[in-house]
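One structure is given below, encoded as structure tokens.
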Amino acid sequence: MSAPVPQEPRFGGIRPAAVSMVSGSAVVTALTLANAPWEVVIVAVLATLVVSLVLGLAKIVVPNESEHKRDLVLEYIRYRERRAKQRERRAELRRRRRRQRERVNRQEQHAPAAGGDRTLP
């Protein structure tokens, strides 16, 4: 059994999540030195954390082998197509129900009232 092939580091050995953390820290430092409102600094910190987490999750979830990446992308495309067909079916059902309601409303408007035009005692 052979040893696993070591992966080539991207970005000159720096991970994308680390790059986003460092750049986010630089932005936060710049905002703090510029006396930016604390709301802006907090938004920058949260954005940095979200980007880092998304990049880290993408690295974990997306397989490294190209064949598996292809399968993952194809499955995602199939999923989107299924969802689009479901949306079309639901839209068609809504249109049918709307037409039926309009027909019933028109029939009720044109039908004479039961009992004629007599007034109630």
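The values are calculated or read from the model by the stated rules, or taken from the named source; none is laboratory data. Everything quoted here is computed from the prediction, not taken from an experiment. With ideal geometry, Cβ positions are generated from the backbone for all residues, glycine too; neighbour counts draw on all protein chains shown. Accessible surface is based on the protein model in full, side chains and every heavy atom, while ligands, DNA and RNA are left aside. Shrake-Rupley method; radii C 1.70, N 1.55, O 1.52, S 1.80 Å.
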Two-site label geometry, Glu88 and His68: point separation in nm, points 7 Å out along Cα→Cβ: 3.4
Residue among Val50, Ala30, Ile77 farthest towards the positive dipole end of the stretch 17-91, charges placed on Cβ: Ile77
Theoretical gain in end-to-end length, Leu49 to Gln100 [0.36 nm per residue, Cα-Cα removed]: 13.2 nm
Share of carbon and sulfur in the accessible heavy-atom surface of the stretch 39-100 [1.4 Å probe, %]: 61
